[in-house]
Amino acid sequence: MVGVEQWAEIRRMHRVERLSIREIGRRTGLHRKTVRRALASETPPRYARPPAGSKLDPFRDWICEQLRADPSIQSLRLREMACELGYGGGKTIFDDYVREVRPRFQLRRTFQRTVYRPGELVQCDLWEPGQPVPVGHGQTRRGWVVTAELCWSRVIAGALIFCKEAPDILWGLGRCLERIGALPDKLVWDREGAIAPVGRPTDAFAGFCGQLGVGWVILDAGDAQAKGVLERSHRFMRTNFEPGRRFANALDFQLQLDGWCERVNRRVHRTIRAVPAERLLEEQGRMRPLAAAMPDCDRRQVVRVPQQPYLRIDRNDYSIDPAFAGRRVEVRVSQTDLTAVVLDSGELACRHRRRFAGGLTVTDPQHQSELERQRARRRGRHDVDVEIRPLARYDALIPA
């Protein structure tokens, strides 16, 4: 058999030196037919032998039938079943064949490359930090971060909340949009309980979008991969934002998160090969400006001031002016403050900074002073004025 080097030399002598087949045979010592076959072959010669039979051959169709019935069956179990039927071959050849043919019977999900238009979509979701967040008074509390990321420029923003109810999530979403600085065409959400638990937006979420004039896209159940842009950012937050950081309180957490987002938005993004903050300037030109005021997401309730003038809000008791005991007030709870206004007169009944620690009693010093004044007045009503006469008057009445 002619080797590759000899085959190449034969073709060179024939095409370059213009030697005849007879002369090539004389120089190489090969038969003329061998030289002709080498010149006629366009590919280098290689050694090949007919495949020998394998102990696996009788079981190939059987393996395919088993995988067609159950594509997830393990190769170990298949080999055990084949041994019961008489298979006497090795493990490696069996497992290699199963690994090769299994994809024929598995329904793999495929993905198309999505192209985003500037200002079209903002992906939104909740990300849970790995550790509870300090909230003061020696306590920690489970928190979530409402995240929003523009799909075209990849600018990301986040807001810390401590409850997954609609007012908190929508407040966090509004804060993220303010950080972005413009309004997209649509918000992309999965089936979060406060957003769209059954695939349809809740009244609170629909009202929020209606006030801003933005649309929404609710993903199918279990289709979190459709938010792949934001999911990758969540993975980056777990590996780059949290490690090595310590937080004094919720405000410190939010400030560090804002600083981290600003730094990330100024880096070159690996996917788009550009700086998100620079692309945002271009994208904002194609987006609508923010409204003069974001939708009101505060909690509101009407209660009657009890005789013990305290309100229970989020595991804490907040004092109310005792002068309004028995009257109805409208309580408004935001992420930072708690206020109560008397309904019939519009007077301010209380204003407190909201505390996220639990089991606290927050008393305004003015309210405490009013309670003490009322207590003194009540005690004064039971005092009786008694005339005190001089003793000389009694001496005059008694005869000597």
Mind checking which pairs have a first residue in segment 110-136 that is farther than 20 Å from residue 235 by Cα and a second that is surrounded by fewer than 17 Cβ atoms within 10 Å (Cβ to Cβ) and among the hydroxyl-bearing types (Ser, Thr, Tyr), Cβ under 9 Å, 6 or more apart or different chains?
134/140
Just checking, does segment 205-215 include any residue being in contact with a strand residue (DSSP E or B) (Cβ under 6 Å, 6 or more places away or on another chain), small (Gly, Ala, Ser) and open to solvent by less than 20 Å² (accessible area, probe 1.4 Å)?
no
Check segment 196-203 and report whether any residue there is out of contact with any helix residue (DSSP H, G or I) (no Cβ under 8 Å at 6 or more places or on another chain), over 23 Å from residue 354 (Cβ atoms), among the hydrophobic types (A, V, I, L, M, F, W, C) and not in a loop (DSSP other than H, G, I, E, B).
no
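If you take the residues in segment 127-174 that are of a type in the set (D, E, K, R) and open to solvent by less than 50 Å² (accessible area, probe 1.4 Å), which one is farthest from residue 336 (Cα to Cα)? Give the steps one after another, and end with the answer.
Taking segment 127-174 and keeping what is of a type in the set (D, E, K, R), we get 128, 141-142, 149, 154, 164-165, 168.
Now narrow it down to the ones that are open to solvent by less than 50 Å² (accessible area, probe 1.4 Å): 141, 149, 154, 168.
Numbers: 141: 16, 149: 25, 154: 29, 168: 11 Å.
Within segment 127-174, the match that is farthest from residue 336 (Cα to Cα) is 154.
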Show the residue pairs that are 6+ apart or on different chains and have beta-carbon atoms under 8 Å apart, the first residue being within segment 371-400 and in a loop (DSSP other than H, G, I, E, B), the second being modelled with pLDDT under 75.
none
Is it the case that residue 365 is closer than 30 Å to residue 139 by Cβ and open to solvent by 70 Å² or more (accessible area, probe 1.4 Å)?
yes
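Looking at segment 61-69, can you tell me whether even one residue there is open to solvent by 40 Å² or more (accessible area, probe 1.4 Å), at pLDDT 90 or above and in contact with a Phe, Trp or Tyr (Cβ under 6 Å, 6 or more places away or on another chain)?
At the first step, the residues of segment 61-69 found to be open to solvent by 40 Å² or more (accessible area, probe 1.4 Å) are 61-62, 65-66, 68-69.
Applying the additional criterion that residues be at pLDDT 90 or above yields 61-62, 65-66, 68-69.
From the residues that got through so far, the ones that are in contact with a Phe, Trp or Tyr (Cβ under 6 Å, 6 or more places away or on another chain) too are 68.
Yes; the residues of segment 61-69 include at least one that is open to solvent by 40 Å² or more (accessible area, probe 1.4 Å), at pLDDT 90 or above and in contact with a Phe, Trp or Tyr (Cβ under 6 Å, 6 or more places away or on another chain).
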Residues satisfying the stated conditions in segment 294-309, i.e. open to solvent by 60 Å² or more (accessible area, probe 1.4 Å) and either hydroxyl-bearing (Ser, Thr, Tyr) or over 26 Å from the mean Cα position of the chain (by Cα) (or both):
300, 301, 302, 304, 307, 308
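The values are calculated or read from the model by the stated rules, or taken from the named source; none is laboratory data. As the structure is a computational prediction, the values presented were derived from the model and not from experiment. Using ideal geometry, Cβ is built from the backbone for each residue, glycine included, and neighbour counts are taken over all protein chains shown. Note: areas computed on protein heavy atoms with side chains; ligands, DNA, RNA excluded. Shrake-Rupley method; radii C 1.70, N 1.55, O 1.52, S 1.80 Å.
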